[in-house]
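Below you'll find the structure, written out as structure tokens, and then a few comments.
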Amino acid sequence: MNTTVLARHAQNCSLTSSFTLIERICARWRKNGETSTEVPLTRRALITGITGQDGSYLAEHLLAHGYEVWGLVRGQANPHVARLRKHVGDIKIAQGDLLDQGSLISAIERVQPDEVYNLGAISYVPMSWHQAELTAEVTGMGTLRMLEAIRVVSGISASRTPGAAQIRFYQASSSEMFGQVSETPQNETTPFHPRSPYGVAKTYGHFITQNYRESYGMFAVSGILFNHESPRRGAEFVSRKITLGVARIKLGLATELKLGNLEARRDWGYAGDYVRAMRLMLHQDGPDDYVIGTGRTHSVRELVELAFATAGLRWADHVVTDARFTRPAEVDLLCADPKKAREQLGWEPTVAFEDLITMMVESDLELLARSDRPDDEPFSPDHW
Ligand code: NAP
Ligand code: F7E
């Protein structure tokens, strides 16, 4: 086998670690008994949750690195796929649902991915109190089902550990697992105290990922990501709810914006930065968990002030607090310590909070000012 050619291809693929591609291809060739000198150049990724905010940015990022990108999509005519295709063109779709074990096994068998990014979840924290069991099933048990699909299709068992060619698995863990924090800033060793059914479900997903790594030697990592936003953020989350609210008020489409707890503090970053960290985690020599955030924290009130000021508005003239948007148990303060990611992954955020909010306000002003405004204009729920 011409390892020089393989090494050159590995460089062309911008792989950050030297071993993966060559070992994987050699192992796959050995397994298949192939003798051809044709080298499969492309890494193949399967993304669950591809129709969400992070899924779209991750798909773009992986395509830019030469990947073949597959998305797991649920439902027979998921309307979010059309929205995704506006941002990301060249993706392939596999049907499947995190609630359905068989569908995940079929998807892994069909796609034969090198990397699986498990972003699919019920991710809106207030919804998790109203549909706690569903949240546990999708966000928690869905992680187990995907790990099992990889394990079964790869033929891994307690007595048969994976080889170099194994599928690498990324789990979308969350700073919501820290919940009522015992120290600030939070790092990889900070204890978990989740405050919502969502946080509890994510904590299960986190520990089952660690457990499959320890039990079966799987290359399974968790990224503990703090809040990250963008113009593609769902309208139910506070950042986008505010920037859309500002745009509606500025354009005379509304006069007030109803919000809940203005004193909660979060570490908000830009989603486009955070998906880079996901890929980096799967390209280390060994699997590990990493905190991803900016290390800066702001209150919802500060976000409101900045967003309204960006549009030349006085927030106090328009913002109304409404108890319907407060939570049964709040996470008061989150702030990341991303030292490990900086030192081991070489990861740094590039978009500051102020630039992020300005970007989102400007994007929503442009979106709502368009005469051909889309029928599916984003809206925030008027409850939860
Ligand atoms: P998002 O926009 O809410 O996207 C969630 C995705 O999950 C959607 O594509 C949705 O697909 C999919 N999904 C829901 N139920 C499913 C099911 N039963 N089977 C398969 N897919 C299902 O979330 P995001 O902001 O991109 O976040 C991505 C991941 O990171 C989530 O796991 C989230 O919990 C986690 N996370 C996010 C943040 C953040 O600040 N954004 C921080 C930490 C962790 P449909 O189109 O079918 O609805
Ligand atoms: O709330 C307060 C609210 O819904 C942020 C998810 O991506 O990040 C996200 O979870 C804060 C909370 O995000 C409203 O009480 C005030 O303190 O934007 P959010 P979240 O709950 O932090 C984590 C890391 C995830 O993993 C999740 O998937 O804002 N807040 N007034 C409000 N929040 C909302 N949504 N709506 C309000 O009217």
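Only residues that are β-branched (Val, Ile, Thr), more than 12 Å from ligand 2 (Cβ to nearest atom) and crowded, with 24+ Cβ neighbours inside 10 Å were counted across region 198-228, and they come to 1.
Val125: modelled with pLDDT of 95 or more and more than 12 Å from ligand 1 (Cβ to nearest atom), yes or no? Against the criterion (modelled with pLDDT of 95 or more and more than 12 Å from ligand 1 (Cβ to nearest atom)), Val125 does not qualify. Sub-7 Å Cβ pairs linking a first residue in region 136-159 that is within 16 Å of ligand 1 (Cβ to nearest atom) to a second residue that is in a helix (DSSP H, G or I) and among the small types (Gly, Ala, Ser), at least 6 apart or interchain, are Ala136/Ala201; Thr139/Ala201; Thr139/Gly205; Gly140/Ala201; Gly140/Gly205; Thr143/Gly205, ordered by first then second residue.
Here is the figure for region 112-122: residues that are buried (at least 21 other Cβ atoms within 10 Å of the Cβ) and more than 10 Å from ligand 1 (Cβ to nearest atom) total 4.
Within the set Val351, Val331, Val320, the sole residue that is within 16 Å of ligand 2 (Cβ to nearest atom), closer than 22 Å to Ala271 by Cα and of a type outside the set (Phe, Trp, Tyr) turns out to be Val331.
Within region 224-241, residues that are in contact (Cβ under 8 Å) with a residue 40 or more places away in the chain sit with their Cβ atoms under 7 Å from residues that are within 6 Å of ligand 2 (Cβ to nearest atom) and among the β-branched types (Val, Ile, Thr), at 6+ positions apart or across chains, in these pairs: Val238/Val300.
Confirm whether Ala220 is within 16 Å of ligand 1 (Cβ to nearest atom), out of contact with any Ser or Thr (no Cβ under 7 Å at 6 or more places or on another chain) and under 30 Å from Tyr67 (Cβ atoms).
Details: within 16 Å of ligand 1 (Cβ to nearest atom): yes; out of contact with any Ser or Thr (no Cβ under 7 Å at 6 or more places or on another chain): no; under 30 Å from Tyr67 (Cβ atoms): yes.
Spelling it out, it is not the case that Ala220 is within 16 Å of ligand 1 (Cβ to nearest atom), out of contact with any Ser or Thr (no Cβ under 7 Å at 6 or more places or on another chain) and under 30 Å from Tyr67 (Cβ atoms).
Name every residue in region 86-105 that is assigned to a helix (DSSP H, G or I) and either in contact with a strand residue (DSSP E or B) (Cβ under 8 Å, 6 or more places away or on another chain) or within 14 Å of Ile47 (Cβ to Cβ) (or both), in order of residue number. Once the filter is applied, which keeps residues that are assigned to a helix (DSSP H, G or I) and either in contact with a strand residue (DSSP E or B) (Cβ under 8 Å, 6 or more places away or on another chain) or within 14 Å of Ile47 (Cβ to Cβ) (or both), region 86-105 yields His87, Ser103, Leu104. Sub-8 Å Cβ pairs linking a first residue in region 314-336 that is touching a residue at least 12 places away in the same chain (Cβ under 8 Å) to a second residue that is more than 10 Å from ligand 2 (Cβ to nearest atom) and of a type in the set (Lys, Arg), at least 6 apart or interchain, are Cys335/Arg296, ordered by first then second residue. Within region 302-311, not a single residue is in contact with a His (Cβ under 9 Å, 6 or more places away or on another chain), in contact (Cβ under 8 Å) with a residue 24 or more places away in the chain and closer than 24 Å to Glu60 by Cα.
The values are calculated or read from the model by the stated rules, or taken from the named source; none is laboratory data. What you are looking at is a predicted structure, and each value in this text was computed from that prediction instead of being measured. Note that each Cβ is placed from the backbone with ideal geometry, even for glycine, and that neighbours are counted across all protein chains shown.
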